[in-house]
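Here the structure comes first, spelled out in structure tokens, and everything after it is commentary.
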Amino acid sequence: MRQQDQVAYLERMLGMVKTNTRDDGPGLSHTRVEGYFDPAQYRREVDVLFRRHPIVVGHSAQVAKPGDFVTHDATGQPILIVRGSDGVLRAFLNVCRHRSATVEPKPCGAGKRAFVCPYHGWSYDLTGRLLGITDGSAFGDVDKSQHALRPLKLAEKYGLIWVVPTALADGENAGLDIDAYLGAVQPDLEGWTMEGWQRHSFEPIVKNMNWKLVIDTFLELYHFRYLHPSTVFPLFLDNIATYEQMGRHIRIAAAKRTLTEIESQPKADWRILDHAIVLYSIFPNTVLTYTQDHCGIFTSFPISPEEAVLHFSVLISPEEKARKPESYWEANRNLFASALVEDLGIGETIQRNCHTGANRQQTFGKFEKALGWYHAEVDRAIA
Ligand code: FES
Ligand SMILES: [Fe+2]
């Protein structure tokens with residue numbers, strides 16, 4: 001985030017404290033409650049958002065070395081991601097080209113030279129090429145070059161891995177221009193220098209909630225005072241936050257209680273992460289929360305119209321990790337996790353109550369405008 005933007009955000013938030021105002025949008029916004037359970041909309045979201053858009057499926061730290069691999073099924077497509085001996089990261093459908101068995105059953109591994117299908121032993125190298133057909137004479141006419149693992153578009157940047165979970169046609173390019181997709185948030189992600197950060201923790205959390213309700217919980221600070229009084233609210237000023245639409249993505253800065261100390265310091269030294277967290281909603285299903293010393297990554301995946309799995313992980317720079325004891329990072333993760341329990345507990349009540357007929361639509365106040373933007377973007381994308 002450019003220094004001038006950091007100063008501008010900090011000034012805006014200081015102004016809100018002084019005048020007791022909020023970063024209000026022009027009016028109310030809404031989303032229909034059916035959007036959280038309608039099977040037709042759900043199908044459309046999976047087909048468009050989770051098949052045609054770049055989805056964060058992991059972090060570079062998980063596959064740092066040649067031969068490291070992870071598998072990922074949460075988009076609904078079985079994905080195998082592996083770093084080749086050339087250092088290049090590639091993604092494939094984790095589906096054998098013989099009779100469609102799952103090739104690699106493990107969630108992750110290291111030192112791989114080849115993938116061998118457990119059903120009849122066909123083998124593939126780290127670039128997906130079909131190496132060997134067992135009892136090959138029975139398959140005399142099979143053209144091996146036409147039976148490589150089916151590649152997927154992949155981009156690896158800023159410590160994150162994005163994949164578009166749709167099978168590429170023969171000969172189609174597997175490159176993915178993630179910078180173009182990120183648009184206005186690209187310089188920020190580049191500036192936070194998350195490449196090379198280590199993964200401190202990862203947990204999948206399954207909830208009876210539509211996958212978008214999980215994202216909703218991150219898009220406003222209004223609820224902190226009421227829902228998180230003893231977890232994260234003590235760290236933050238009450239609903240002092242800036243919200244900005246950046247193409248299809250959203251940037252939010254949320255002021256910590258230390259914000260008011262900043263005025264005594266020269267502006268050249270103002271650093272937003274010293275007094276706020278900066279949060280990005282990366283369309284369609286990822287939230288990144290940058291703090292002084294780590295990044296929380298939250299990715300929401302649909303299981304069914306009314307079930308989702310949230311992948312929650314924490315990335316830390318190696319320097320910061322060395323500087324602070326493990327107990328510090330554990331306490332930090334636990335704080336995040338406790339707030340999540342509160343958020344997702346409420347979310348499950350919302351999911352159930354959407355069926356009651358009490359509300360035809362959810363009402364978003366002026367300072368909940370990011371929710372309006374987010375749902376409008378989903379609607380636009382699946383229209
Ligand atoms: S299905 Fe993989 S070798 Fe037969
Ligand atoms: Fe929350």
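The values are calculated or read from the model by the stated rules, or taken from the named source; none is laboratory data. Just so we're clear, the structure is a prediction, and the values are computed from it rather than from any experiment. Here the Cβ positions follow ideal geometry from the backbone for every residue, glycine too, while neighbour counts run over all protein chains shown.
Looking only at region 181-190, decide whether some residue is of a type in the set (Val, Ile, Thr) and either surrounded by 20 or more Cβ atoms within 10 Å (Cβ to Cβ) or at pLDDT 95 or above (or both).
Among the residues of region 181-190, at least one is of a type in the set (Val, Ile, Thr) and either surrounded by 20 or more Cβ atoms within 10 Å (Cβ to Cβ) or at pLDDT 95 or above (or both), which makes the answer yes.
From the list HIS355, HIS375, exactly one residue is in contact (Cβ under 8 Å) with a residue 60 or more places away in the chain, outside any helix (DSSP H, G or I) and of a type outside the set (Phe, Trp, Tyr). Which is it?
The conditions single out HIS355.
Where the second residue is assigned to a loop (DSSP other than H, G, I, E, B) and among the small types (Gly, Ala, Ser) and the first is within 16 Å of ligand 2 (Cβ to nearest atom) and modelled with pLDDT of 95 or more and lies in region 75-103, which pairs have Cβ atoms under 7 Å and are six or more apart or on separate chains?
Filtered contacts from region 75-103: no entries.
Name the residues in region 6-33 that are in contact (Cβ under 8 Å) with a residue 40 or more places away in the chain and acidic (Asp, Glu), would you?
Across region 6-33, the qualifying residues are ASP23, ASP24.
Here is a yes/no grid of residues against (1) farther than 22 Å from VAL309 by Cα; (2) of a type in the set (A, V, I, L, M, F, W, C):
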{"residue": "PRO54", "(1), (2)": "no, no"}
{"residue": "LYS112", "(1), (2)": "yes, no"}
{"residue": "GLY121", "(1), (2)": "yes, no"}
{"residue": "TYR124", "(1), (2)": "yes, no"}
{"residue": "LEU130", "(1), (2)": "yes, yes"}
{"residue": "VAL142", "(1), (2)": "yes, yes"}
{"residue": "ALA155", "(1), (2)": "yes, yes"}
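Starting from residues that are of a type in the set (S, T, N, Q) and under 30 Å from THR363 (Cα atoms), keep the ones in region 35-92 and report whichever is surrounded by the fewest Cβ atoms within 10 Å (Cβ to Cβ).
So the residue we want is GLN41.
Given the criteria within 16 Å of ligand 2 (Cβ to nearest atom) and closer than 28 Å to GLY76 by Cβ, does PHE364 qualify?
Spelling it out, it is not the case that PHE364 is within 16 Å of ligand 2 (Cβ to nearest atom) and closer than 28 Å to GLY76 by Cβ.
Exactly one of (1) touching a Gly at 6+ places or on another chain (Cβ under 7 Å); (2) under 18 Å from ILE250 (Cα atoms) is unmet by LEU221. Its number?
(1)
This table checks each residue for (1) touching a residue at least 12 places away in the same chain (Cβ under 8 Å); (2) away from ligand 2 (no atom under 16 Å from the Cβ); (3) in contact with a His (Cβ under 6 Å, 6 or more places away or on another chain).
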position: ALA322; (1), (2), (3): no, yes, no
position: TYR328; (1), (2), (3): no, yes, no
position: LEU335; (1), (2), (3): yes, no, no
position: LYS369; (1), (2), (3): yes, yes, no
position: ALA381; (1), (2), (3): yes, yes, no
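Working only within region 80-120, note down all residues that are near ligand 1 (Cβ under 8 Å from one of its atoms) and either of a type in the set (S, T, N, Q) or farther than 11 Å from PHE69 by Cβ (or both).
Those that are near ligand 1 (Cβ under 8 Å from one of its atoms) and either of a type in the set (S, T, N, Q) or farther than 11 Å from PHE69 by Cβ (or both): CYS96, ARG97, HIS98, ARG99, SER100, ALA101, CYS117, PRO118, TYR119, HIS120.
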